[in-house]
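Report on the following structure.
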Amino acid sequence: MAKSAIVPTQKEMREYLQSWKADSKKRINDTDHAAMHKEMTLRIFAVDMTDDVKLTAWKFCKELTKYAHAPVSPAEYKRVEKWLGENGLIDVLLKACDGYYPNPAFKYDFDTIGFSYSIALISQSQYRRQDCLALLDKITQYYVRTKDDWYTVLLRNMTKLCKDFPDLAPFKTTLESI
(Lines give C-alpha, C1' and ligand atoms only; values in the text may rest on other atoms or scores of the structure.)
Protein backbone atom coordinates (compact mmCIF):
# COMPACT_ATOMS: atom_id res chain seq x y z
CA MET A 1 0.00 0.00 0.00
CA ALA A 2 1.42 3.41 -0.95
CA LYS A 3 2.00 5.86 1.86
CA SER A 4 -0.60 8.32 0.60
CA ALA A 5 -3.26 5.57 0.33
CA ILE A 6 -3.76 5.55 4.12
CA VAL A 7 -4.31 9.30 4.25
CA PRO A 8 -7.83 10.41 3.33
CA THR A 9 -8.16 13.10 0.71
CA GLN A 10 -9.58 16.48 1.61
CA LYS A 11 -12.67 15.55 -0.42
CA GLU A 12 -13.13 12.38 1.64
CA MET A 13 -12.79 14.40 4.83
CA ARG A 14 -15.42 16.90 3.71
CA GLU A 15 -17.78 14.10 2.62
CA TYR A 16 -17.35 12.41 5.99
CA LEU A 17 -18.17 15.65 7.81
CA GLN A 18 -21.25 16.24 5.64
CA SER A 19 -22.58 12.75 6.31
CA TRP A 20 -21.83 13.07 10.02
CA LYS A 21 -23.66 16.41 10.24
CA ALA A 22 -26.61 14.93 8.34
CA ASP A 23 -26.91 12.09 10.87
CA SER A 24 -25.79 13.32 14.28
CA LYS A 25 -26.42 9.86 15.77
CA LYS A 26 -23.31 8.56 14.04
CA ARG A 27 -20.53 8.12 16.53
CA ILE A 28 -16.85 8.75 16.00
CA ASN A 29 -15.38 5.37 16.84
CA ASP A 30 -11.76 5.52 15.77
CA THR A 31 -8.91 8.00 15.46
CA ASP A 32 -9.25 8.29 11.68
CA HIS A 33 -12.82 9.54 11.98
CA ALA A 34 -12.01 11.67 15.01
CA ALA A 35 -9.17 13.33 13.08
CA MET A 36 -11.40 13.97 10.07
CA HIS A 37 -13.92 15.60 12.38
CA LYS A 38 -11.52 18.43 13.25
CA GLU A 39 -11.52 21.78 11.51
CA MET A 40 -7.75 22.01 12.02
CA THR A 41 -7.31 18.79 10.01
CA LEU A 42 -9.22 20.32 7.11
CA ARG A 43 -7.12 23.48 7.30
CA ILE A 44 -3.91 21.45 7.36
CA PHE A 45 -4.96 19.35 4.38
CA ALA A 46 -6.00 22.43 2.41
CA VAL A 47 -2.28 23.26 2.20
CA ASP A 48 -0.41 21.83 -0.80
CA MET A 49 2.18 19.25 0.35
CA THR A 50 4.08 16.19 -0.77
CA ASP A 51 2.84 12.68 -0.01
CA ASP A 52 5.51 12.24 2.67
CA VAL A 53 4.42 15.45 4.41
CA LYS A 54 0.76 14.36 4.07
CA LEU A 55 1.59 11.17 5.93
CA THR A 56 3.37 13.12 8.67
CA ALA A 57 0.52 15.64 8.88
CA TRP A 58 -2.03 12.82 9.10
CA LYS A 59 -0.09 11.20 11.96
CA PHE A 60 0.05 14.59 13.71
CA CYS A 61 -3.71 15.11 13.30
CA LYS A 62 -4.47 11.60 14.55
CA GLU A 63 -2.26 12.13 17.59
CA LEU A 64 -4.14 15.33 18.44
CA THR A 65 -7.33 13.28 18.81
CA LYS A 66 -5.81 11.68 21.92
CA TYR A 67 -5.75 14.98 23.82
CA ALA A 68 -8.71 16.19 25.86
CA HIS A 69 -7.73 19.86 26.08
CA ALA A 70 -5.23 22.49 24.98
CA PRO A 71 -1.77 22.13 26.56
CA VAL A 72 -1.56 23.35 30.14
CA SER A 73 1.37 21.70 31.89
CA PRO A 74 5.02 21.64 30.79
CA ALA A 75 4.63 17.91 30.05
CA GLU A 76 1.77 18.66 27.68
CA TYR A 77 3.88 21.22 25.82
CA LYS A 78 6.65 18.61 25.53
CA ARG A 79 4.25 16.33 23.63
CA VAL A 80 5.02 18.23 20.43
CA GLU A 81 8.81 17.99 20.72
CA LYS A 82 8.89 14.83 18.62
CA TRP A 83 7.46 16.84 15.70
CA LEU A 84 10.12 19.59 15.85
CA GLY A 85 12.31 17.85 13.24
CA GLU A 86 9.43 17.64 10.77
CA ASN A 87 10.17 20.77 8.75
CA GLY A 88 7.48 19.99 6.17
CA LEU A 89 4.88 19.83 8.93
CA ILE A 90 6.07 23.18 10.31
CA ASP A 91 5.73 24.69 6.81
CA VAL A 92 2.17 23.37 6.59
CA LEU A 93 1.20 24.57 10.08
CA LEU A 94 2.53 28.06 9.36
CA LYS A 95 0.10 28.25 6.45
CA ALA A 96 -2.80 26.45 8.14
CA CYS A 97 -2.72 28.62 11.28
CA ASP A 98 -2.35 31.90 9.42
CA GLY A 99 -5.66 33.74 9.56
CA TYR A 100 -7.38 31.10 11.72
CA TYR A 101 -8.47 32.40 15.11
CA PRO A 102 -10.39 30.44 17.72
CA ASN A 103 -13.89 31.50 18.53
CA PRO A 104 -13.85 32.83 22.09
CA ALA A 105 -17.01 30.85 22.83
CA PHE A 106 -15.17 27.59 21.96
CA LYS A 107 -18.02 26.55 19.71
CA TYR A 108 -18.35 22.90 18.79
CA ASP A 109 -17.13 23.32 15.23
CA PHE A 110 -13.81 24.85 16.22
CA ASP A 111 -10.85 22.62 16.98
CA THR A 112 -9.19 24.54 19.80
CA ILE A 113 -7.01 21.55 20.76
CA GLY A 114 -5.54 21.17 17.28
CA PHE A 115 -4.92 24.89 16.95
CA SER A 116 -3.38 25.12 20.44
CA TYR A 117 -0.99 22.24 19.88
CA SER A 118 -0.09 23.61 16.44
CA ILE A 119 0.75 26.97 18.03
CA ALA A 120 2.76 25.18 20.73
CA LEU A 121 4.77 23.41 18.03
CA ILE A 122 5.34 26.61 16.06
CA SER A 123 6.37 28.39 19.28
CA GLN A 124 9.08 25.79 19.94
CA SER A 125 10.33 25.35 16.39
CA GLN A 126 13.70 26.79 15.43
CA TYR A 127 13.08 25.98 11.78
CA ARG A 128 12.12 29.19 9.93
CA ARG A 129 12.18 30.88 13.33
CA GLN A 130 11.55 34.36 11.95
CA ASP A 131 8.44 33.12 10.11
CA CYS A 132 7.26 31.36 13.26
CA LEU A 133 7.70 34.55 15.28
CA ALA A 134 5.99 36.63 12.58
CA LEU A 135 2.93 34.34 12.71
CA LEU A 136 2.88 34.43 16.51
CA ASP A 137 3.07 38.24 16.36
CA LYS A 138 0.17 38.34 13.90
CA ILE A 139 -1.93 36.11 16.17
CA THR A 140 -0.96 38.11 19.26
CA GLN A 141 -1.89 41.39 17.57
CA TYR A 142 -5.25 39.93 16.57
CA TYR A 143 -6.06 39.19 20.23
CA VAL A 144 -4.80 42.56 21.39
CA ARG A 145 -7.08 44.20 18.84
CA THR A 146 -10.17 42.03 19.46
CA LYS A 147 -9.65 41.14 23.13
CA ASP A 148 -11.34 37.80 22.46
CA ASP A 149 -11.19 35.46 25.46
CA TRP A 150 -9.06 32.88 23.66
CA TYR A 151 -6.04 35.12 24.22
CA THR A 152 -5.68 33.47 27.64
CA VAL A 153 -4.78 30.17 25.96
CA LEU A 154 -2.16 31.97 23.87
CA LEU A 155 -0.88 33.78 26.97
CA ARG A 156 -0.50 30.45 28.77
CA ASN A 157 1.48 29.16 25.77
CA MET A 158 3.88 32.10 25.99
CA THR A 159 4.12 31.93 29.79
CA LYS A 160 4.97 28.22 29.79
CA LEU A 161 7.47 28.45 26.94
CA CYS A 162 9.24 31.82 27.31
CA LYS A 163 11.78 30.46 29.83
CA ASP A 164 13.17 28.06 27.20
CA PHE A 165 12.36 30.39 24.29
CA PRO A 166 13.12 33.95 25.44
CA ASP A 167 12.09 35.41 22.07
CA LEU A 168 8.47 34.62 23.09
CA ALA A 169 8.66 37.00 26.09
CA PRO A 170 7.51 40.09 24.14
CA PHE A 171 4.33 38.23 23.14
CA LYS A 172 3.73 37.30 26.78
CA THR A 173 4.15 40.92 27.85
CA THR A 174 1.82 42.15 25.12
CA LEU A 175 -0.86 39.60 25.99
CA GLU A 176 -0.61 40.44 29.70
CA SER A 177 -1.58 44.00 28.82
CA ILE A 178 -5.04 42.97 27.58
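Tabulated results
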| read-out | value |
| --- | --- |
| Complete set of residues in the range 134-178 that are assigned to a loop (DSSP other than H, G, I, E, B), buried (at least 16 other Cβ atoms within 10 Å of the Cβ) and at pLDDT 95 or above | 162, 165 |
| Test: residue in the range 113-133 that is within 21 Å of residue 17 (Cβ to Cβ), aliphatic (A, V, I, L, M), touching a residue at least 40 places away in the same chain (Cβ under 8 Å) and surrounded by fewer than 20 Cβ atoms within 10 Å (Cβ to Cβ) | yes |
| Qualifying residue in the range 32-47 (condition: over 22 Å from residue 161 (Cβ atoms) and at pLDDT 95 or above) | yes |
| Residue count, the range 118-133 (criterion: assigned to a helix (DSSP H, G or I) and farther than 14 Å from residue 101 by Cβ) | 10 |
| So residue 127, is it of a type in the set (Phe, Trp, Tyr) and either at pLDDT below 95 or under 15 Å from the mean Cα position of the chain (by Cα) (or both) | no |
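The values are calculated or read from the model by the stated rules, or taken from the named source; none is laboratory data. Everything quoted here is computed from the prediction, not taken from an experiment. Here Cβ is always computed from backbone atoms with ideal geometry, including for glycine, and neighbour counts include all displayed protein chains.
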